[in-house]
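Structure, as structure tokens:
The values are calculated or read from the model by the stated rules, or taken from the named source; none is laboratory data. Just so you know, these numbers come straight off a predicted model, no measurement behind them. Here the Cβ positions follow ideal geometry from the backbone for every residue, glycine too, while neighbour counts run over all protein chains shown.
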């Protein structure tokens, strides 16, 4: 099924769920590469499999979808609903972030989580749009 995703400054056609995952993973991977080079003694955490990453992503998106279904009145803008739900799945988002470890240090982990927070609104808004289009 093809949908349209509106991202600030862009309109994307195609599978919105795949678009969300690609944007989320792309951002995570970019930050992971950035923080991998930061100074630190011992790595924190363990390596995770792709299956674990996919399961954590499904849980995170499932939470966002559940919150969007509960809060979306169909009148408010998708961005307003996205703002409302972006922080409602924090535990699931943290669990997803953990699958991109191990991190070289607490500092690198903090940098990674800050980048994830910056992307949360865009991700949540896209989930709202996906649900509205389905």
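Quick notes on this one:
- Within the range 95-122, considering residues that are within 20 Å of residue 50 (Cα to Cα) and at pLDDT 85 or above, the one surrounded by the most Cβ atoms within 10 Å (Cβ to Cβ): 96
- A residue that is part of a helix (DSSP H, G or I) and under 12 Å from the mean Cα position of the chain (by Cα) occurs nowhere in the range 101-109.
- Given (1) under 14 Å from residue 59 (Cβ atoms); (2) in contact (Cβ under 8 Å) with a residue 40 or more places away in the chain, number of the condition residue 93 does not satisfy: (2)
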